[in-house]
Amino acid sequence: MTATESIRLTQYAHGGGCACKIPPGELEEMVRGLTGCELAGEPFGELVVGLDTGDDAAVVRIQDGLALVATTDFFTPVVDDPYDWGRIAAANALSDVYAMGGRPVVAVNLLGWPRDVLPFELAGEVLRGGLSVAGEAGCYLAGGHSIDDPEPKYGLAVTGIGDPGTLLRNDFGQAGQPLTLTKPLGIGVLNSRHKATGEVFPDAVALMTRLNRDAAQAAVRAGIRCATDVTGFGLLGHLFKLAQASGVSAIVDSAAVPYLEPARAALRDGYVSGGTRRNLQWVSPHADFSAVNENEALLLADAQTSGGLLVAGELPGMPVVGELIPRGEHVIVVR
C-alpha cells in the first residue's frame with residue numbers, strides 16, 4: 001500500500017456528499033425574494049425554469065425546440081477512493097440535467113484542494129474520475145476552476161440542451177399519477193458507515209456512479225413531464241418540493257420502496273447523518289407518519305448522493321412507490 005492509498009479522504013471533510021447540503025428550510029429562507037432579476041438590455045432567450053420552484057436546473061429557451069439547461073453541483077468526499085469520488089461527483093452533477101429531461105453537452109471542473117495537506121496525485125485521480133464519467137455521458141469536460149481550500153471539494157458546472165416542450169419539471173405533477181423511483185435508497189446510511197469505519201460498499205459505489213441518462217430518456221419517450229432527482233434532501237424532501245410546486249399531495253407506499261441490502265443494518269447501528277435528521281425534521285410538520293416507525297421515516301428521509309429519479313409516471317421495470325393525490329391536510333402521507 002502506498003502513502004496515498006492509505007489516505008482516507010472522508011476524514012478531511014466535516015460531512016460527506018449531498019448530506020453536506022444547507023438544510024432545505026434554511027435554504028428556502030436564504031433565497032426567498034431572489035426570483036426576479038433586472039436585466040440590462042435585451043435578454044438572450046427566455047428563462048422558463050428559474051429559482052421559483054427550486055427545480056434541479058435553470059432552463060433558458062433559445063428558440064423553438066431548443067433550450068439551454070444549466071446547473072452546478074459539488075461536495076466534500078463521500079468515499080475514500082479519489083477516483084470513485086470523482087466519478088460519483090460527476091454523475092451527481094450531470095444528474096440535474098437528466099432530471100430536467102435534457103442532455104449534457106459541456107462541463108467544467110470545480111475543485112477545492114488543501115494543497116499543503118493532501119498530495120496533488122490524489123487530486124489528479126479525482127479529476128480523472130470526473131473525466132471518465134463525463135466521457136460515458138458523451139459530455140465534453142473542458143477546464144474549470146480550482147482553489148486552495150482547507151477542505152477537499154469537487155464537482156462540475158454543466159451546460160446541457162433540451163426541448164422546452166418535453167422538459168421534466170417539478171411543478172408539472174398531477175393528482176392520479178403514480179410515482180416511480182429509479183434507484184434504491186440507503187446510500188446515505190452506507191456512506192455514513194463508510195466514513196466512520198472505512199468499510200467499502202461496492203454496490204453503493206456502483207449505484208452512485210450510474211448515470212440517470214437511460215431513466216430520463218425513458219421518461220421523455222413516455223411523454224412524462226414531471227420528475228426530480230433524489231439527492232441530499234432524501235426521497236421525502238424532494239417529493240415534498242415536487243408536491244408543493246405542483247399543488248398536490250402524495251402517498252408513499254413504504255413497503256414498495258427499494259433499499260440497498262445493507263442499509264437497514266447501517267441504520268440499526270446508528271449511522272445516520274445530521275442531514276438526514278434535518279430532512280425529516282423539515283418535512284414532518286407537513287407529513288403523516290402514523291403508519292410507520294421512526295426508523296422507516298429516517299430511511300425515507302436518508303440523504304442520498306447521486307440518487308435516482310423520482311418520476312410522476314410509470315416506467316417499465318421500475319418500482320412504483322406511491323402516487324400523487326389532490327391536495328389534502330398533509331402534503332405527504334406515508335403508509
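For this structure, a couple of remarks:
- Backbone phi angles across region 158-169, fed through the Karplus curve with coefficients 6.51, -1.76 and 1.60 (θ = phi - 60°), yield HN-Hα couplings of 10, 10, x, 10, x, 8, x, x, 10, 4, 8, 10 Hz in residue order; Gly and Pro are listed as x.
- Local electrostatic count at Ser146 - Lys and Arg +1, Asp and Glu -1, tallied over other residues with Cβ under 12 Å: 0
- Once the Cα-Cα distance is subtracted from the 0.36 nm per residue extended length, the Arg268 to Glu329 segment shows a gain of 18.8 nm.
- For the chain, size of Cβ-based charge dipole, Lys and Arg +1, Asp and Glu -1, in debye: 360 debye
- In this Cβ point-charge picture (+1 for Lys and Arg, -1 for Asp and Glu), region 178-334 has a dipole of about 440 debye about its Cα centre.
- The lysine pair tally for the chain, using Cα distances under 20 Å and a gap of 8 or more places or different chains, is 5.
- For Leu280, the shell of other residues with beta-carbons less than 13 Å away shows a net charge of -1, using +1 for Lys and Arg and -1 for Asp and Glu.
- With the simple model of a label 7 Å out from the Cα in the direction of the Cβ, Ala206 to Asn293 spans 3.0 nm.
- Computed extension gain for Val108 through Ser284, at 0.36 nm per residue and net of the alpha carbon distance, reaches 59.6 nm.
- Close amide-amide hydrogen proximity is noted between Val78 and Gly17, each under 5 Å apart and 5 or more residues distant or on a separate chain (H modeled in the peptide plane; Pro and chain starts excluded).
- Extreme residue, positive dipole direction of region 166-321, given options Tyr271, Ala206, Asn293 (C-beta unit charges): Ala206
- Computed lengthening from Arg277 to Leu131, 0.36 nm per intervening residue step minus Cα-Cα distance: 49.2 nm
- Whether region 109-201 is rounded, prolate or oblate, judged on the alpha carbon gyration tensor where a/c under 1.5 counts as rounded: oblate
- Förster-model FRET efficiency, 35 Å R0, Glu38 and Glu121, C-beta, rounded to 0.05: 0.15
- When percent of Cα pairs over 26 Å apart is calculated for this entry, the matching label among [x] 46; [y] 53; [z] 59 is [x].
- Exposure proxy shown here: for Tyr83, Tyr271, Tyr98, the number of other Cβ atoms within 10 Å sets the order, fewest to most, as Tyr83, Tyr271, Tyr98.
- Spacing of the two label points (7 Å from each Cα toward its C-beta) at Glu261 and Ala142, in nm: 4.4 nm
- Rough spin-label spacing in nm, given labels placed 7 Å along Cα→Cβ, for Glu46 and Ile7: 5.0 nm
- Counting DSSP beta bridges with both ends in the chain, the antiparallel % (nearest 5): 75 percent
- Long-range amide H partners of Gly307 with built H, under 5 Å: Val230
- Region 97-219 - percent relative contact order, Cα under 8 Å, separation 6 or more: 37 percent
- Top of Glu151, Glu296, Glu46 by mean-square fluctuation, Gaussian network on the chain, Cα under 10 Å: Glu46
- The ranking of Val283, Val333, Val272 by Cβ neighbour count inside 10 Å, starting from the fewest, reads Val333, Val272, Val283.
Any read-out appearing in this document is the output of simple, stated calculations on the displayed coordinates, not a laboratory observation. Just so it is clear, the structure is predicted and the values come from calculations on it, not from any experiment. Methodologically, a virtual Cβ is constructed for each residue, glycine included, from the backbone with ideal geometry; neighbour enumeration extends over all protein chains shown.
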